[in-house]
Amino acid sequence: MLSSISSHWHLLRNLVKNPKFWLILCGDAVLVVLAHYLAYAIRFDSVLHGEPVFRQCTGLLPVILGVKIPTFYLFGLYRGMWRYTSLNDIVNIALATAFSSALIVLLVLFGSHFIGFSRSVFILDGVFTFGFISCHRMFIRFGYLHLGNGSGGLYAAEPVEQKRLLLVGAGDASARVLRELHENSQLPYKAVGLVDDDPGKTGMKLFNVPVLGVIEDIGEHVRRARAQEILIATVVIDKAKMRRIVGLCQRTQLPFKVLPTMGELINDRVSIRTIRDISFKDLLGREEVRLEQEKIGLYLTGKTVLITGAGGSIGSELCRQLLRFSPGLIILFDASEENLYNVQMELRHEHDGVGTIAILGKVQDLRLLNDVFRRHRPAVVFHTAAYKHVPLVERNPWQAVYNNIFGTQLLMEAAIVHGVERFVLVSTDKAVRPTNVMGASKRVTELLMLAYSGSCWDGSLCPAWKRAQGEEPSPPPPPDPHRHHATRFMGVRFGNVLGSSGSVIPLFKRQIEKGGPVTVTHPEVTRYFMSAEEAAQLILQSGSMGEGGEIFILRMGEPVKIVDMARELIRLTGREPDSEIEIRFVGLRAGEKLYEELITEGEGIVDTHHEKIMVLRGEKNLSCAMLGNQLEQLAQQAQALDSKGIKETLQRIVPEYRPDFTV
């Protein structure tokens with residue numbers, strides 16, 4: 001209560017110092033008086049011809065002004081930026097007018113029991129007040145739009161050089177863009193026309209901008225409208241349709257851009273300022289993810305959330321997507337100083353009011369983990385940190401043991417000790433029938449997750465890792481058949497993320513910029529792809545669905561041929577593959593295979609109620625003792641940098657793993 005009064009007092013002090021506030025207030029007061037006078041004039045033909053009526057009219061003025069102006073303030077009519085008056089402001093004016101009129105009627109009723117007063121006067125007074133105040137606000141907006149620069153005042157600013165913009169699509173997204181262009185003359189674009197697949201829209205207007213015709217004739221429409229740039233402002237989830245639109249735009253030889261998808265926008269705000277160059281993910285044609293906001297909010301809103309690998313492509317996108325669910329605190333945990341700094345600065349400066357703590361360190365640091373968990377008590381952990389680059393990990397397999405396996409095990413045990421509610425492990429399709437160390441190490445982390453879900457942990461902290469660090473682990477507590485923990489463990493498995501660390505797309509872009517050649521490993525190699533936004537949203541969704549011990553598998557759609565991807569990226573730069581930019585096949589790299597899989601035959605995958613998520617309910621009777629013995633061997637082999645030994649032990653843990661001993 002006291003804080004609310006203090007905030008209102010602070011706001012009032014600021015308003016009093018603003019000369020524009022006094023102009024608006026005086027204008028409202030004059031209009032309120034005029035509305036009251038007109039109400040009497042219409043009801044009694046002329047107020048001035050009847051002295052008693054005139055006295056009654058003027059006698060009520062102090063009450064009218066004393067009630068209406070404070071009511072307008074309490075309803076926030078003086079807190080808005082009047083140049084942006086919208087339908088919400090008009091509704092607010094209606095509510096303020098109705099409330100103040102009702103209050104005045106009550107005062108008159110209690111003061112004189114309505115003896116000598118006409119009821120219709122108060123109805124007319126309310127109607128006129130609403131009309132005048134609304135027109136006052138709309139006049140201010142009109143003045144800013146047509147007499148000023150749309151952003152700063154009623155004086156013309158320096159004119160901005162504007163490109164003539166043709167919009168593809170005559171729907172909601174285009175309407176938002178056109179409204180923004182209409183309201184702000186300082187933006188560097190002027191809309192000159194729209195095209196749409198629906199011929200029925202031809203000849204219609206959207207914000208006074210004509211629909212010139214269908215997309216197929218875009219070349220002709222560009223010439224007639226003298227357009228200088230094209231904006232694809234239509235929601236396209238069919239990749240064939242998007243490729244057709246891109247192809248038609250390319251033929252015009254004009255620069256063209258696209259609005260971001262809703263998945264990329266935290267607040268779902270489409271704006272001309274968010275337009276970007278077309279990218280390969282626009283050609284993937286991925287459907288927008290349907291999020292169960294309430295279920296996700298139940299386990300995230302107000303909670304402390306820890307994200308490992310927070311500066312990476314998936315970790316940083318998880319941070320952005322988390323914002324819509326209002327977590328209490330986000331702990332950013334990363335071993336890369338640059339990545340951690342970047343995501344921390346983005347959250348601090350672009351998303352006000354988000355509580356974050358940055359922890360620079362490795363997940364293998366048991367003392368650091370315990371300190372972070374003890375201090376901040378995270379309720380949810382998203383584990384995205386891992387070494388993912390297949391050839392590098394293949395040549396340095398001990399790092400996969402240290403980082404991917406033992407780092408994950410330490411984090412899981414810290415989660416159990418400190419009572420974390422949910423632990424979501426981010427896995428990969430390379431864990432399915434792995435042919436490389438990276439995939440095998442991620443499969444081991446899935447097995448660890450399943451083992452801990454079965455409550456088999458004996459209470460001793462990662463003895464293999466402690467011995468590898470030169471410490472003697474404390475003996476486990478005596479067996480307790482009732483030992484259990486409350487942490488729910490679950491995994492999420494999906495394919496390649498566009499633009500992530502080690503992704504092929506940044507490499508292709510650099511090669512194209514240099515004029516080629518673009519190097520592809522094999523003409524038949526295929527991969528599953530999804531955007532970072534889609535991956536992060538589905539991870540959050542899966543986290544709400546897990547009861548413990550599930551591996552959720554994201555539907556990735558159809559696999560993409562890497563050579564086709566290379567050709568599309570070359571065409572997006574306006575050049576032709578094979579003729580202008582050479583594509584060169586260099587052979588499969590260490591540990592790579594032609595085709596990736598999301599599931600192994602016989603794994604028992606079942607559908608969930610979410611159309612984009614399947615689930616594998618893993619076995620919970622895994623032997624922790626057996627895993628522990630094998631992990632002891634891995635720790636010793638990693639210390640000895642024994643590449644062959646590591647691969648042999650991984651094969652014993654993951655029988656379907658087919659190691660390459662030549663590397």
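The values are calculated or read from the model by the stated rules, or taken from the named source; none is laboratory data. What you see is a predicted model; the values in this text were computed from it and never measured. Here the Cβ is made from the backbone with ideal geometry for all residues, glycine too, and neighbour counts use every protein chain on show.
Some notes on this structure:
- Residues being at negative phi and either touching a strand residue (DSSP E or B) at 6+ places or on another chain (Cβ under 6 Å) or small (Gly, Ala, Ser) (or both) - total across region 323-333: 7
- Matching residues, region 355-374, being part of a helix (DSSP H, G or I) and out of contact with any strand residue (DSSP E or B) (no Cβ under 6 Å at 6 or more places or on another chain): Leu366, Arg367, Leu368, Leu369, Asn370, Asp371, Phe373, Arg374
- Restricting region 631-641 to residues that are surrounded by fewer than 21 Cβ atoms within 10 Å (Cβ to Cβ) and touching a residue at least 60 places away in the same chain (Cβ under 8 Å), the residue that is farthest from Leu392 (Cα to Cα): Glu632
- Cβ-Cβ contacts under 8 Å between residues 6 or more apart (or on different chains), taken from a first residue in region 432-443 that is under 13 Å from Glu596 (Cα atoms) and in the same structural domain as Thr408 (by TED's automatic domain parsing) to a second residue that is outside any loop (DSSP other than H, G, I, E, B) and among the charged types (D, E, K, R), are listed as Val432/Arg443; Val432/Arg493; Pro434/Lys442; Pro434/Arg443; Asn436/Glu394; Asn436/Lys430; Gly439/Lys430.
- Filtering region 375-410 to residues that are of a type outside the set (A, V, I, L, M, F, W, C), in contact (Cβ under 8 Å) with a residue 40 or more places away in the chain, surrounded by fewer than 22 Cβ atoms within 10 Å (Cβ to Cβ) and within 26 Å of Leu540 (Cβ to Cβ) leaves His376, Arg377, Tyr387, His389, Asn403.
- For the residues Ile232, Ile275, the requirement of being at pLDDT 75 or above and either assigned by TED's automatic domain parsing to the domain that holds Gly557 or under 30 Å from Tyr528 (Cβ atoms) (or both) singles out Ile232.
- Residue tally, condition under 23 Å from Gly247 (Cα atoms) and either within 27 Å of the chain's Cα centre (by Cα) or part of a loop (DSSP other than H, G, I, E, B) (or both), over region 558-591: 15
- Subset of region 489-502 (residues that are at pLDDT 80 or above and either over 25 Å from the mean Cα position of the chain (by Cα) or among the aliphatic types (A, V, I, L, M) (or both)): Met490, Val492
- Within region 179-207, if we keep just the residues that are of a type in the set (Lys, Arg) and under 31 Å from the mean Cα position of the chain (by Cα), the residue that is modelled with the lowest pLDDT turns out to be Arg179.
- Residues of region 538-557 satisfying the condition of being within 21 Å of the chain's Cα centre (by Cα) and of a type in the set (Gly, Ala, Ser): Ser542, Gly543, Ser544
- Within region 411-437, tally of residues that are of a type in the set (Lys, Arg) and crowded, with 24+ Cβ neighbours inside 10 Å: 1
- With respect to the conditions (1) touching a Lys or Arg at 6+ places or on another chain (Cβ under 7 Å); (2) basic (Lys, Arg); (3) surrounded by 19 or more Cβ atoms within 10 Å (Cβ to Cβ), Arg555 lacks only one, and its number is (3).
- Residue within region 98-115 that is hydrophobic (A, V, I, L, M, F, W, C), modelled with pLDDT under 80 and outside any helix (DSSP H, G or I) present: yes
- Pick from region 154-172, criterion hydrophobic (A, V, I, L, M, F, W, C) and at pLDDT 80 or above, ranking: farthest from Val195 (Cα to Cα): Leu165
- Selection from region 116-141 of residues that are under 10 Å from Thr97 (Cβ atoms) and in contact with a Ser or Thr (Cβ under 9 Å, 6 or more places away or on another chain): Asp125, Gly126, Val127, Thr129, Phe130, Ile133, Ser134
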